[in-house]
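Trainee: I have a structure here, written as structure tokens, and I will follow up with some questions on it.
The values are calculated or read from the model by the stated rules, or taken from the named source; none is laboratory data. Computed from a prediction, not measured in an experiment: that's the story for all the values here. For neighbour counting, all protein chains shown are included, and Cβ atoms are generated from backbone atoms with ideal geometry for every residue, glycine included. Surface accessibility is based on the protein's heavy atoms, side chains included, excluding ligands, DNA and RNA. Shrake-Rupley method; radii C 1.70, N 1.55, O 1.52, S 1.80 Å.
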Amino acid sequence: MDNLQNAVPLNDFIASVPVSVLPRILQITSGVYLQSSIYDISGSECCLSTGDLLKVVDKELLAVSVTNLQTGKKQKLQKNFKGMFQLCVDFRVHNSLAELHEKLSGNSYRHAYWFTSESDFTVEEQVIPRLLPIQLLSADRNSGWSECCIFEGPNSYNIKIPLSTMGQFYECENQELYTLEQILQDPQLSKHNFRCKTIGSGVYLLCPEYEIKTIMQMRKGFVKMPSSLEVDVVDITDYCGNITFVQPLTLTDIYDHHQKFPVVAEILDTAEVKHLVKNDAYSALHKGQKIIIYKKIVSKNVLATGFKGKTSKFFYINDSYQGKFRQRPREFVSIFELWTKALEGCKLKVVVTQDCDSNDENVPSLCMGDHLQVLHHTKTVLTTPTGPQETDVLVCKKGTTDEDDDDDDEEDKPEEVVLPIHMEGRFVEEVKDTKKYNLLNIIQKLKLPCEVKVVTKDKSLSNDPLASFPSIRLEEIIEEYALCIALYDKASECFELPVKYHNISVVLMEEAISELAEHVNSTKVEELTESFYYNLRKDLPSQQLPPPRPPKRNLTTKEKTKKDKEETKKTLPPTPKKSENFKTRVPTTHHKMSLDVQKNIYSTKPKRNAASCEGTDSDQDYEQIDEQIHHLNIFSKVN
């Protein structure tokens, strides 16, 4: 190529080329050694041989060093240096205005500059006296004219001067100041020498150093290198239209811009996904592995948690999963949870699984085995010790048997009750539906989140991990951009690769491959790591309402008496052993108490829906009676 004599040091070229004109293709002309220059770049040896081609796609400023031209001393400036610079002009004389303009502008000078002439010169029969300061405002090389402003004493006027005008022209000083950013953005301005009072009194040459992002013709992947490498280069962009470079692409690039599928690609960077998903298919994605990208899709997965005893595991269940589910009864631990489902429009029927005694006369107690049918939610005013208070409540139909049963017992007939949302309790959903549903159907039938159980495995999977869990909670539907890919040597076993979480660079190959008629998706069920699951949940929008605060209320006299007894019981001495003198420890009033117990011992019968002052169930009542009988027998022996 004819322009190799225009070679310049790599650092000078990078400093002179704006980012806006990148990429540029460079050819290495010489280096530290005549035939090749070997450098350690990012921990690997890189050889820049004479004749090699380099495609510069981006640059980033690393540092700026300044050299004192009088002392030779160098120092580095911060990229945000705030000092101001003033041009040191070049007084060399040029024989034409075009020659001066070429020297000072390089066709891209962004700032006006000042010049003068050692001799008079004529512009269209107008004589311009020598040594007048002239400011060149703009120049058009196509028309050959420049727009100038001439200052003659206190007066000034604009004039057009042909660039072909002959004379003795040279640059003259001006008082304009420049920031470091302005200088670095203008390649021709950065070639000048400057003065800067912030640095010192000398004349300084600025030398910026960049990190450049390149593509090498015989090397896959991007290579980042400092612009200070001691090699000379020449810009041959305009002479090599047919030269092609390996183009590394990310998964996002392929998803957004590539249109023709399927395509074969080779992985340039190792894929590290162990912190996301426990999947053997992903572990095969290493540097040098060839893959087939069949198509781009919007992957739909259901985020799920499987429960087995005290352990839980987290999964992505793909919408192509072919197993069958059955609805599992949900458990609720408060009226508030039932209320939130009522807000969503769910028609719930639940059974009380634990007695819930109410100390409020406005609120009924609930007993284990009671059936509740949620009717609707509303607001009502309840009377509290502090006065009337508006409260969210749940209106339910309460009964001890199903509503279809005919029973003449008035106590067992359903009644309508009003339950405040701050009321506690434990409930389990009544489920009579025993049908089997696939994943999409059960999501349509039930609103997420919901509890299910796998009753039929996905036969296309060698091991369906969901079948071993007695309870699975389906939580959220997650949609992600993904590529359907397969390993090159296992073309029929496809899996979905989300582009968001996998930072993989690939290079497309020229190999042709036909579209398979049927793919087997091996990622129908993916086990997620615990950290990835909770990070995912954190990013999802929360639709849960905060739990309500129970209303403040004053203790009744009965409750105060009960609390005082409990405090007194804590301070009493421990129960004596049989070997001790029991008689001295038994209070005199105990005999009367024992007679009362004997009188009523067989008449004690737990009643349904009766509120217990001690908050115990019927089995505990019988245990207390047996204990009292034991103490009475001991007391009679002692006496």
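Trainee: Scan segment 81-99 residue by residue and report those that are under 26 Å from LEU180 (Cβ atoms), of a type outside the set (Val, Ile, Thr) and either assigned to a helix (DSSP H, G or I) or open to solvent by less than 80 Å² (accessible area, probe 1.4 Å) (or both).
Mentor: Across segment 81-99, the qualifying residues are PHE81, GLY83, MET84, PHE85, GLN86, LEU87, CYS88, ASP90.
Trainee: Among the residues of segment 188-236, write down those that are open to solvent by 10 Å² or more (accessible area, probe 1.4 Å), in a loop (DSSP other than H, G, I, E, B) and closer than 26 Å to GLU102 by Cα.
Mentor: Hits for segment 188-236 are GLN188, HIS192, VAL203.
Trainee: Still on this model: Which ones in segment 112-132 are assigned to a loop (DSSP other than H, G, I, E, B) and under 60 Å from the mean Cα position of the chain (by Cα)?
Mentor: The answer is ALA112, and nothing else.
Trainee: Hey, LEU136 hits all of (1) open to solvent by less than 30 Å² (accessible area, probe 1.4 Å); (2) part of a loop (DSSP other than H, G, I, E, B) but one; which does it fall short on?
Mentor: Status for LEU136: all satisfied but (2).
Trainee: Also, I was wondering about something else. Between a residue in segment 431-450 that is within 24 Å of THR340 (Cα to Cα) and β-branched (Val, Ile, Thr) and any residue that is part of a helix (DSSP H, G or I) and open to solvent by 40 Å² or more (accessible area, probe 1.4 Å), which pairs come within a Cβ distance under 7 Å, given they are 6 or more apart or on different chains?
Mentor: Matching pairs, first to second residue: none at all.
Trainee: Can you name every residue in segment 151-175 that is open to solvent by less than 70 Å² (accessible area, probe 1.4 Å) and charged (D, E, K, R)?
Mentor: GLU171
Trainee: If you don't mind, another one. Restricting to segment 78-123, what's the tally of residues that are among the charged types (D, E, K, R) and modelled with pLDDT of 85 or more? Break it down stepwise before answering.
Mentor: Start the filter on segment 78-123 by keeping residues that are among the charged types (D, E, K, R), which leaves 79, 82, 90, 92, 99, 102-103, 110, 118, 120.
Then drop every residue that is not modelled with pLDDT of 85 or more, which leaves 82, 99, 118, 120.
Qualifying residue count for the region: 4.
Trainee: Could you look through segment 396-421, keep only residues that are modelled with pLDDT of 80 or more and open to solvent by 50 Å² or more (accessible area, probe 1.4 Å), and pick out the one that is farthest from GLY369 (Cα to Cα)?
Mentor: Residue satisfying both the conditions and the ranking: VAL418.
Trainee: Please go through segment 443-492 and pick out each residue that is part of a strand (DSSP E or B), aliphatic (A, V, I, L, M), open to solvent by 30 Å² or more (accessible area, probe 1.4 Å) and closer than 25 Å to ILE297 by Cβ.
Mentor: If the condition is that a residue be part of a strand (DSSP E or B), aliphatic (A, V, I, L, M), open to solvent by 30 Å² or more (accessible area, probe 1.4 Å) and closer than 25 Å to ILE297 by Cβ, then ILE477 is the only one that fits.
Trainee: Quick check, is LEU440 assigned to a helix (DSSP H, G or I), within 31 Å of the chain's Cα centre (by Cα) and not acidic (Asp, Glu)? So that I can check it myself, show each step before the final result.
Mentor: On the way: assigned to a helix (DSSP H, G or I): yes; within 31 Å of the chain's Cα centre (by Cα): yes; not acidic (Asp, Glu): yes.
So LEU440 fits the description; yes.
Trainee: Next question, about the same structure. Within the set of pairs 6+ apart or on separate chains, which have a first residue in segment 114-141 that is farther than 17 Å from HIS101 by Cα and polar (S, T, N, Q), a second that is part of a strand (DSSP E or B) and open to solvent by 40 Å² or more (accessible area, probe 1.4 Å), and C-beta atoms under 9 Å apart?
Mentor: Sorted first by the residue in segment 114-141, then by its partner, the pairs are SER119/GLN168.
Trainee: Give segment 303-325 a look and list any residue that's of a type in the set (D, E, K, R), over 20 Å from LEU276 (Cβ atoms) and open to solvent by less than 80 Å² (accessible area, probe 1.4 Å), or say none.
Mentor: LYS324
Trainee: Next up: Does GLU430 satisfy the criteria of being open to solvent by 40 Å² or more (accessible area, probe 1.4 Å) and touching a His at 6+ places or on another chain (Cβ under 9 Å)?
Mentor: Working: open to solvent by 40 Å² or more (accessible area, probe 1.4 Å): yes; touching a His at 6+ places or on another chain (Cβ under 9 Å): yes.
The answer is yes for GLU430.
Trainee: Identify, by number, the condition in (1) closer than 23 Å to ASP489 by Cα; (2) modelled with pLDDT under 90 that VAL223 doesn't meet.
Mentor: Going through the list (1) closer than 23 Å to ASP489 by Cα; (2) modelled with pLDDT under 90, VAL223 breaks only (1).
Trainee: So which residues in segment 340-389 are over 30 Å from GLN444 (Cα atoms), of a type in the set (D, E, K, R), surrounded by fewer than 14 Cβ atoms within 10 Å (Cβ to Cβ) and at pLDDT below 80, if there are any at all?
Mentor: If the condition is that a residue be over 30 Å from GLN444 (Cα atoms), of a type in the set (D, E, K, R), surrounded by fewer than 14 Cβ atoms within 10 Å (Cβ to Cβ) and at pLDDT below 80, then GLU361 is the only one that fits.
Trainee: Based on what the data block shows, is GLU181 loosely packed, with under 13 Cβ neighbours inside 10 Å, among the acidic types (Asp, Glu) and more than 26 Å from TYR204 (Cβ to Cβ)? Spell out how you get there, then give the answer.
Mentor: Numbers: loosely packed, with under 13 Cβ neighbours inside 10 Å: yes; among the acidic types (Asp, Glu): yes; more than 26 Å from TYR204 (Cβ to Cβ): no.
No, not satisfied.
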